[in-house]
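J.: Pasting a structure below so you can have a look.
The values are calculated or read from the model by the stated rules, or taken from the named source; none is laboratory data. Predicted model only: the values in this text are computed from it and were never measured. FYI the Cβ positions are ideal-geometry reconstructions off the backbone, even for glycines, and counts take in every protein chain you see. Protein only, heavy atoms only, side chains kept; ligands, DNA and RNA dropped before computing areas. Shrake-Rupley method; radii C 1.70, N 1.55, O 1.52, S 1.80 Å.
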Amino acid sequence: MVRHLLKVTDFTKEECLKIIDKSIDIKANIDAHTSDLKDKTLLMLFEKPSLRTRVSFEVGMTQLGGHAIFYSIKDSPLGKKENIEDTAGCLSRYCDIIMARVFKKEDLQNLSTHSTIPVINALDDFAHPCQILGDFQTIKEKKGDLNPRKMSYFGDCHNNVTYDLMRMCAMLGWEMSVACPEGAEYEPEQTILDEVAKLSEGTGAKISVTHDAQEAAKDSDVIYTDSWMSYGIPEDEEKKRVEIFNPYQVTTELLNLAKPDVIFMNCLPAKRGYEQTAEVIDGDKSIVFDEAENRLHIQKAIMLFLLDKL
Ligand code: CP
Ligand code: NVA
């Protein structure tokens, strides 16, 4: 049966760990994989902008000996000119694998339901699994293993990246404290909290939401933040959001509440002076460029896994 990756927990813990290890291996032996996806074609559907995801998938496919096609659905949105079932049916006849960055998770679910080839979520409103797998590779490289630790997350928690980080921490038995302003539009949705509570049963994970940034930061091994202005948020909301999120900005003072060997992560794009200070993102605890680099290696491992070549 064809497998898809719509959220990180579509893979089991063992599968995630296997993909991460494969990515570490590929990173160390780039030249050993130049024919792994020879003659395979990846179709990349984009409804939202991207730098890292687009470039890392395209370069990754090239380095594996395959080919990637960029297709912008800005001017021809999914399900408008033709239904998503027909789009999925046609793409399944031409390509070997699809990755899609869309606004609504329902569109991605529909695409995957009607596709006979694997579909990878490259960011919707609900998850960013490729990012999170790459992030945990980076954590493994920095900390030596993925044994349970504490992650804290600051800022916009009604957010795709936050949701998949919560899922991954729940699956791995981590403690995670997400700190955000009060208000349904800034906090995780109840469905995610329920999903994560269920995932935590038996793994020992403790995932909590707080409005106290200092409390969340205490004893953290990993501090993570993401944009206050995710793709699609109207520009006229920026001023209000900057004021609301400001108490959750990652500062040096906040980092000092964490463990001495804390690492700072941001999936990027980042804005200095918004979700973190320049001193933090450009400081010695920041690993954001290692994190960005690993997007390249993990995309390859994900594609190999979904194409049964791992
Ligand atoms: N982190 C990430 O997905 O970046 P892009 O939006 O540039 O792809
Ligand atoms: N939350 C961000 C992630 C960008 C990679 C967004 O949706 O824009």
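J.: One residue is enough: does the range 77-88 have a residue meeting the conditions within 21 Å of the chain's Cα centre (by Cα) and modelled with pLDDT of 95 or more?
T.: Scanning the range 77-88, I find no residue that is within 21 Å of the chain's Cα centre (by Cα) and modelled with pLDDT of 95 or more, so the answer is no.
J.: Residues to consider are Val288, Val250, Val242, Val196; find the one that is of a type in the set (Val, Ile, Thr) and within 14 Å of ligand 2 (Cβ to nearest atom).
T.: Testing whether each residue is of a type in the set (Val, Ile, Thr) and within 14 Å of ligand 2 (Cβ to nearest atom) leaves just Val288.
J.: Let me ask you something else. Please find, among Leu123, Leu165, the residue that is within 16 Å of ligand 1 (Cβ to nearest atom), in contact with a strand residue (DSSP E or B) (Cβ under 7 Å, 6 or more places away or on another chain) and in a loop (DSSP other than H, G, I, E, B). Break it down into steps so the answer makes sense when it comes.
T.: Numbers: Leu165 fails: in a loop (DSSP other than H, G, I, E, B).
The unique qualifying residue is Leu123.
J.: Taking interchain pairs and intrachain pairs at least six residues apart, which have beta carbon atoms under 9 angstrom, with the first residue in the range 225-238 and on the phi > 0 side of the Ramachandran plot and the second within 9 Å of ligand 2 (Cβ to nearest atom) and of a type in the set (S, T, N, Q)?
T.: none
J.: Separate question: Can you find even one residue in the range 59-71 that is polar (S, T, N, Q), out of contact with any Asp or Glu (no Cβ under 6 Å at 6 or more places or on another chain), within 20 Å of Ile24 (Cα to Cα) and away from ligand 1 (no atom under 15 Å from the Cβ)? Write out each step before concluding.
T.: Let us first name the residues in the range 59-71 that are polar (S, T, N, Q), namely 62-63.
Remaining after also requiring out of contact with any Asp or Glu (no Cβ under 6 Å at 6 or more places or on another chain): 62-63.
After this cut, where a residue has to be within 20 Å of Ile24 (Cα to Cα) as well, the list is 62-63.
Then drop every residue that is not away from ligand 1 (no atom under 15 Å from the Cβ), which leaves 62-63.
Scanning the range 59-71 turns up at least one residue that is polar (S, T, N, Q), out of contact with any Asp or Glu (no Cβ under 6 Å at 6 or more places or on another chain), within 20 Å of Ile24 (Cα to Cα) and away from ligand 1 (no atom under 15 Å from the Cβ).
J.: Could you say which residue among Ser230, Ser200 is open to solvent by 10 Å² or more (accessible area, probe 1.4 Å), hydroxyl-bearing (Ser, Thr, Tyr) and within 16 Å of ligand 1 (Cβ to nearest atom)?
T.: So the residue among Ser230, Ser200 that is open to solvent by 10 Å² or more (accessible area, probe 1.4 Å), hydroxyl-bearing (Ser, Thr, Tyr) and within 16 Å of ligand 1 (Cβ to nearest atom) is Ser230.
J.: So which helices (runs of 4 or more DSSP H) stay within the range 1-103 end to end and still have 2 or more residues that are under 23 Å from Leu310 (Cα atoms) and open to solvent by less than 40 Å² (accessible area, probe 1.4 Å)?
T.: 13-28, 52-63
J.: Considering only residues that are away from ligand 2 (no atom under 13 Å from the Cβ) and more than 16 Å from the chain's Cα centre (by Cα), which ones fall in the range 40-59?
T.: Matches in the range 40-59: Lys40, Thr41, Leu42, Leu43, Met44, Leu45, Glu58, Val59.
J.: Right, another one. How many residues does the range 291-310 contain that are within 15 Å of ligand 2 (Cβ to nearest atom), open to solvent by less than 10 Å² (accessible area, probe 1.4 Å) and either among the hydrophobic types (A, V, I, L, M, F, W, C) or farther than 27 Å from Ser35 by Cβ (or both)?
T.: The number of residues fulfilling the criteria is 2.
J.: May I ask you to list the residues in the range 282-310 that are touching a residue at least 24 places away in the same chain (Cβ under 8 Å), touching a strand residue (DSSP E or B) at 6+ places or on another chain (Cβ under 8 Å), more than 13 Å from Lys22 (Cα to Cα) and within 16 Å of ligand 1 (Cβ to nearest atom)?
T.: Across the range 282-310, the qualifying residues are Ile287, Val288, Glu291.
J.: I've got another one for you. Given the conditions (1) over 30 Å from Asn83 (Cβ atoms); (2) among the hydrophobic types (A, V, I, L, M, F, W, C); (3) open to solvent by less than 10 Å² (accessible area, probe 1.4 Å), and given that Ala122 satisfies all but one, which numbered condition is not satisfied?
T.: Just one mismatch for Ala122, condition (1).
J.: Within the range 255-285, work out how many residues are within 16 Å of ligand 2 (Cβ to nearest atom) and assigned to a loop (DSSP other than H, G, I, E, B).
T.: So the answer is 7.
J.: Output the residues belonging to the range 256-286 that are within 22 Å of Gly144 (Cβ to Cβ) and among the basic types (Lys, Arg).
T.: Hits for the range 256-286 are Lys259, Lys285.
J.: Please go through (1) surrounded by fewer than 23 Cβ atoms within 10 Å (Cβ to Cβ); (2) within 16 Å of ligand 1 (Cβ to nearest atom) for Thr225 and return the number of the only condition it doesn't satisfy.
T.: Checking Thr225 against (1) surrounded by fewer than 23 Cβ atoms within 10 Å (Cβ to Cβ); (2) within 16 Å of ligand 1 (Cβ to nearest atom), the one that fails is (1).
J.: Within the range 199-221, is there a residue that is within 20 Å of the chain's Cα centre (by Cα), in contact (Cβ under 8 Å) with a residue 24 or more places away in the chain and in a helix (DSSP H, G or I)?
T.: Checked the range 199-221: at least one residue is within 20 Å of the chain's Cα centre (by Cα), in contact (Cβ under 8 Å) with a residue 24 or more places away in the chain and in a helix (DSSP H, G or I).
J.: Something else about it: Could you check Pro148 against (1) open to solvent by 60 Å² or more (accessible area, probe 1.4 Å); (2) in contact with a strand residue (DSSP E or B) (Cβ under 8 Å, 6 or more places away or on another chain); (3) without any contact (Cβ under 8 Å) to a residue 60 or more places away in the chain; (4) not in a loop (DSSP other than H, G, I, E, B) and say which number it fails?
T.: (4)
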